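The values are calculated or read from the model by the stated rules, or taken from the named source; none is laboratory data. For clarity, every value in this text was computed on a predicted model and none was experimentally measured. With ideal geometry, Cβ positions are generated from the backbone for all residues, glycine too; neighbour counts draw on all protein chains shown.
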Amino acid sequence: MIITKKEPFTPQEIIKLKEVFDTYIKTVIDVKKKICSAGCDRHFESEEVLLKNGSAQADIWGGGVDLETKTIDFNSFINIRPTQNNRSNEIQSEKLRKAYEELTKFFFGAIL
């Protein structure tokens, strides 16, 4: 189940978000508008939701949250963007990684 919002996810929503992978939630965040779309099977699904709602491609980055270790990752195929100097699945810009991490902690504060 994909849920997209600007407010933190509730514990009940987090239960729904983990239905796809159980201990891992894929996330896609518009770092400029501060919107998170989570719970997708593939990052491009949440990316499409954000794009349809007016997000700019340059502001959308993917990663996830491991619910067992409480770690955040910055890994997604949607992050491969040579035109933005990101030639890897990983978010390479320290500034973007920090923004993504802070927003992930905001959206998943109930469990992180």
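Numerical summary
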read-out	value
Matching residues in region 68-108 - criterion: being under 14 Å from the mean Cα position of the chain (by Cα), outside any helix (DSSP H, G or I), touching a residue at least 24 places away in the same chain (Cβ under 8 Å) and under 20 Å from P8 (Cα atoms)	I72, F74, F108
Count - residues of region 8-55 that are out of contact with any strand residue (DSSP E or B) (no Cβ under 8 Å at 6 or more places or on another chain), part of a loop (DSSP other than H, G, I, E, B) and either touching a residue at least 60 places away in the same chain (Cβ under 8 Å) or of a type outside the set (D, E) (or both)	7
Matching option when the condition is surrounded by fewer than 18 Cβ atoms within 10 Å (Cβ to Cβ), out of contact with any strand residue (DSSP E or B) (no Cβ under 8 Å at 6 or more places or on another chain) and either acidic (D, E) or under 13 Å from V31 (Cα atoms) (or both), among R81, R97	R97
Region 26-76, subset in contact with a Cys (Cβ under 9 Å, 6 or more places away or on another chain) and within 16 Å of F106 (Cβ to Cβ), residue surrounded by the most Cβ atoms within 10 Å (Cβ to Cβ)	V28
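Quick grid of which residues meet (1) at pLDDT 95 or above; (2) over 14 Å from N53 (Cα atoms):
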site	(1), (2)
M1	no, yes
T4	yes, no
P8	yes, yes
Q12	yes, yes
E19	no, yes
I25	yes, yes
I29	yes, no
K34	yes, no
S37	yes, no
